[in-house]
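Okay, structure first, notes after.
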Amino acid sequence: MARELLILRHGKSDWSADTDDFHRPIKGRGKRGAQRIATWLLQQGLVPDHIVSSPAVRARATARIACKAMGLGDDTVTRDPRIYLATRQELLEVLGACPPKARRVMLVGHNPGLEGLLEFLVSKPTPVSDDGKLLPTATLARLAMPEAWQSLEAGCARLLDLVRPATLPKS
């Protein structure tokens, strides 16, 4: 298997919660979206061997739900504070720190950083949803990657799938 990157935006968050951005929880819709994406990954045989998540509450919840749906323990997830409010460069540094043996990495985080990373890595334009977003909540981008996580350049990846929860069958 060649290397793959799974970019997963966190599930829909609950804006009605009386808290700051970092501690904003995930909504029921966000939980269902994360579950559907993870179930799809499992059915396709695309379970990641390394998962890195933002420490923000909604991203951690998304990663935890995904792990459970794929039969992985919560201890599978590495939380990296650089992912929260990350720039493209910070996300590239997070990927560069992935273990060399990791063949399929899942990165769970936030926009606009994830969209910026995706646009940087993929040379061809990627399809945008009806709401104008490349990565709406709980959307997964699957990319074919070069051999080394440490040497990622513009246009080095190929988009294999862009999966939105609404396009998947309800389980």
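By the count of other C-beta atoms within 10 Å, a proxy for reagent exposure, CYS67, CYS98, CYS156 are ordered fewest to most as CYS156, CYS98, CYS67. Charge tally for ALA102 (other residues, Cβ to Cβ under 11 Å; Lys, Arg +1; Asp, Glu -1): +2.
Note on the range 1-57: with charges restricted to the Cβ of Lys and Arg (+1) and Asp and Glu (-1), its dipole about the Cα centre is near 300 debye.
What FRET efficiency would be calculated for the residue pair VAL128, ASP75, taking the C-beta separation as r and a Förster radius of 30 Å, to the nearest 0.05? The formula returns an efficiency of 0.25 here. For the chain, which longest stretch is free of loop sites, where a loop site is one of the GluC sites (Glu not before Pro) that DSSP puts outside H, G, I, E and B and that has at most 15 other Cβ atoms within 10 Å? No qualifying site falls inside 1-146, the longest such stretch. Net length available on complete extension from ALA2 to ALA154 is 52.9 nm, with 0.36 nm assigned per residue and the Cα-Cα distance removed. Here the range 24-101 is described by how far its Cα atoms reach on the three principal axes: 33, 30, 20 Å, from widest to narrowest. With both residues required to sit in the chain, DSSP beta bridges show an antiparallel share near 45%.
Legend: translational diffusion of the range 106-150 by Stokes-Einstein, Rh = Kirkwood radius over C-alpha pairs, 10 °C, 1.306 mPa s; D = 137 µm²/s. What the Cβ-Cβ distance of ALA17 and ALA166 gives, at R0 = 22 Å and to the nearest 0.05, is a FRET efficiency of 0.40. Counting charges near LEU168 (Lys, Arg +1; Asp, Glu -1) among other residues having Cβ under 11 Å from its Cβ returns a value of +4.
Estimated purely from DSSP H runs of n ≥ 4, each contributing -39500 (n - 2.57), the mean residue ellipticity at 222 nm for the chain is -8500 deg cm²/dmol once divided by its residues.
Any read-out appearing in this document is the output of simple, stated calculations on the displayed coordinates, not a laboratory observation. Predicted model, so just to flag it, every value in this text is computed and none were measured. With ideal geometry, Cβ positions are generated from the backbone for all residues, glycine too; neighbour counts draw on all protein chains shown.
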